[in-house]
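What follows is a short report on a single structure.
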Amino acid sequence: MSEDDKSDDDWFESALDDEDGDSRPVEADDASATPSGSDAAESASTGTGPFEGDSDDGERSGDSSPFADDGSAASGREDSPFDDNSGDPFDSEAGSADAESAGDNGGGLFDDDFATAFESAGSGGGDSGSDFEEEFESDIPRVDIGIEGLDQMIQGGVPQRHLIVTIGSAGTGKTTFGLQFLHHGLQNGENAVFLTLEQSHDAILDTAGDRGWGFEEYEEQGQLAIVDLDPVEMANSLDNIRGELPALIEKFGADRLVLDSVSLLEMMYDDQSRRRTEVFDFTRSLKQAGVTTMLVSEASESNPFASRHGIIEYLTDAVFILQYVRSDTGETRLAVEIQKIRNANHSRETKPYEITNDGISVYQQANIF
């Protein structure tokens, strides 16, 4: 084993096997999760290697589309390769080649640590009306998000194995959104994985426990794996993670996966071109894994309808926007909008929602003000 492999094993063993001794601060709500992500990015930018560079470059790059200098992708032109009506951006043959390559290498990063962590983790109101009058028929297997009111805005549900991204600013309930998505699957006998780059394993259990979702019991039954990773170390080992993640997910039998948040992973790369390539390859590996995945992303500071770096919404099949909406009188409410879902009919209206002790509820038949 090379010195690099030993280094990877060491940090994964520390990150995944030391759940009981996690020293990172516990963040219980979405609003407080963002500063910890900024600290991680600041720590990475002061080092050497791929993390050097002016952090202002990352901010400026988020204001324009990463796929065209003239901004054509962001403006929704028909020739954009990531247009809502386009086909799947992930080539199946390329994905198969990646899988074969990963399998041939052998002695992978997860052989002793990550896979073991997944195995040991198993032991260790809105209105209910519909926006659609006609009966829905489809041969595509579909899943519900598990959020009351929002599911009624999607005719038939989100196609299974889709990549979903939830974009929102601090305090809009992004982490709760992802946890509720997993909880719905767990209630229906599915297996689920939660990868967190922002909070500790115990913090996630506490957040779910406050809402009565019983994640500890699901872990004991082998249905749920919660893995907290350091974003800097994940970026350093992303090639190994990307190559072996599909096999790992298949071994665990995961039906749903949440990554909170993809923004921290993006922030590890100061170069826009490398950031785009790394995120594209990572999302392709998730697509190859065949698991319905929800990615959590911070919103751009200048545009609440775009992600922080303007990349991930072009690589996913479904986009949900969580935002604050302020009236002329100064009243503020939370609102959700479905920006796109491939192969599904959905409402395009912006609807109010609330975050309660039971989770998120979307008022599908109400107006914002």
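The values are calculated or read from the model by the stated rules, or taken from the named source; none is laboratory data. In this text, all values refer to a predicted model and were calculated from it rather than measured experimentally. Cβ: placed from backbone, ideal geometry, glycine included. Neighbour counts: every protein chain shown.
Per the listing Gly171, Gly189, Gly149, the residue uniquely closer than 20 Å to Gly253 by Cβ and either not in a strand (DSSP E or B) or not hydrophobic (A, V, I, L, M, F, W, C) (or both) is Gly189.
Within segment 194-204, not a single residue is small (Gly, Ala, Ser) and closer than 20 Å to Ile147 by Cβ.
Here is a check on your reading of the model: is Gln152 modelled with pLDDT of 90 or more, more than 21 Å from the chain's Cα centre (by Cα) and not aromatic (Phe, Trp, Tyr)? The answer is yes for Gln152. Considering segment 248-289, and only residues there that are of a type in the set (Asp, Glu) and assigned to a helix (DSSP H, G or I), the residue that is surrounded by the most Cβ atoms within 10 Å (Cβ to Cβ) turns out to be Glu266. The condition of being surrounded by fewer than 22 Cβ atoms within 10 Å (Cβ to Cβ), over 22 Å from Ile249 (Cβ atoms) and of a type in the set (Asp, Glu) holds for Asp358.
Test Glu298 against the criterion of being surrounded by 14 or more Cβ atoms within 10 Å (Cβ to Cβ) and either within 22 Å of the chain's Cα centre (by Cα) or at negative phi (or both), and give yes or no.
Values: surrounded by 14 or more Cβ atoms within 10 Å (Cβ to Cβ): yes; either within 22 Å of the chain's Cα centre (by Cα) or at negative phi (or both): yes.
In short, yes.
Somewhere in segment 176-183, is a residue modelled with pLDDT under 95, of a type in the set (S, T, N, Q), crowded, with 19+ Cβ neighbours inside 10 Å and in contact with an Asp or Glu (Cβ under 9 Å, 6 or more places away or on another chain)? So far as segment 176-183 goes, no, none of its residues is modelled with pLDDT under 95, of a type in the set (S, T, N, Q), crowded, with 19+ Cβ neighbours inside 10 Å and in contact with an Asp or Glu (Cβ under 9 Å, 6 or more places away or on another chain).
Annotation: of all residues in segment 186-210 being in contact with a Gly (Cβ under 7 Å, 6 or more places away or on another chain) and modelled with pLDDT of 95 or more, the one that is nearest to Val258 (Cα to Cα) is Ala192.
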